[in-house]
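Participant: My structure is below; once you've seen it, I'll send some questions.
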Amino acid sequence: MRIARSILLGTACLAAAAAQGWAAQDLPIFDAHIHYSDQAWGPFPPELALAILDRGGVSRAFVSSTPDDGTLLLHAKAPNRIVPVLRPYRTRDDMGSWTKDPTILTYVEERLRRGIYRGVGEFHMGAGGVGDPVPRAFVELAAVCLQHEMDHLAGKLFIDRLPPLRRQLVKKRLAKLAQSA
Ligand SMILES: [Zn+2]
């Protein structure tokens, strides 16, 4: 039933596109699952990889890699086209142990400071790994990000979340900075 509904939806979308006069080749393609891992770097250097995306009509791509440097290489060449996502693996050896390894959390937090990533993944985890410390920390991180965005909507600033005394201190410092500027 779900498949039938998806096909119906797909058909309806195509019909709508046809009604708008769009041909299939006019529609932009967003590839939502590309890995640019180390085995690909030699045979497909970044320029060639991007040329292959051109040939396929892929206008934007969601990219992750092991190690993460592959994602950075592609993103540096096409920052408006590559949507970088950070895997919690420094090497393939981390794939089976990352959920319990606290050094992975340090690694991920350090890389996230670059401020370019749009997500954490893709990662692999068995059902038993759900309660492990690293995935739990990821959920906490996501909750902080979500709260931050909700605060924007509500007009709340970071300092509004500080305890009263600390908030006063930060406000005084900000006022001093504003005066000296
Ligand atoms: Zn994958």
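We did not get these values from a lab; they are worked out from the coordinates using the rules stated. Bear in mind that the values here come from a model prediction, so they are computed numbers and not experimental data. Please note: Cβ atoms are built from the backbone with ideal geometry, for glycine as well, and neighbour counts cover all protein chains shown.
Participant: List the aspartates and glutamates whose Cα lies under 17 Å from the Cα of Lys176, skipping any in the same chain that are fewer than 8 positions away.
Facilitator: List returned: none.
Participant: Enumerate the amide H contacts of Val83 below 5 Å, restricted to partners 5 or more residues apart or on another chain; note that Pro and chain-start residues carry no placed amide H.
Facilitator: Ala61, Phe62, Val63
Participant: Another question about this same structure. Going by how many other Cβ atoms sit within 10 Å of their own, how do Val85, Val58 line up, fewest first?
Facilitator: Ascending Cβ contact count within 10 Å gives the list Val58, Val85.
Participant: How much space per residue, in cubic angstrom, does the convex hull of the C-alpha atoms of the range 113-181 take up?
Facilitator: Looking at the range 113-181, the number lands at 154 Å³ per residue.
Participant: Please give every one of the aspartates and glutamates within straight-line cross-link reach of Lys172, meaning a C-alpha to C-alpha distance under 18 Å, and leave out same-chain neighbours fewer than 8 residues apart.
Facilitator: Asp160
Participant: Past the 19 angstrom mark, what percentage of all C-alpha to C-alpha distances in the chain do you count?
Facilitator: Within the chain, distances greater than 19 Å cover 72 percent of Cα pairs.
Participant: Points 7 angstrom from Cα along the Cβ direction at Ile52 and Lys156: gap in nanometres?
Facilitator: Once both label points are built, they end up 4.6 nm from each other.
Participant: Follow-up. Residue by residue, what Karplus-based ³J(HN,Hα) values in Hz, rounded to whole numbers, does the range 89-106 have, using 6.51, -1.76 and 1.60 with θ = phi - 60° and x for Gly and Pro?
Facilitator: So the Karplus estimates, Gly and Pro as x, are 10, 6, 9, 4, 4, 7, 4, x, 10, 4, 5, 10, 9, x, 5, 5, 5, 4 Hz.
Participant: Follow-up question, since we're still on this one. Work out from phi, with θ = phi - 60° and the Karplus expression 6.51 cos²θ - 1.76 cosθ + 1.60, the ³J(HN,Hα) of each residue of the range 50-60, listed in order in whole Hz, and give x for Gly and Pro.
Facilitator: 5, 5, 5, 5, 4, 4, x, x, 8, 8, 9
Participant: Same structure, new question: Using modelled amide H (1.01 Å from N, peptide plane; none on Pro or chain starts), what sits under 5 Å from the amide H of Gly121, excluding residues fewer than 5 places away?
Facilitator: The list, which skips near neighbours in sequence, is Leu86, Arg87.
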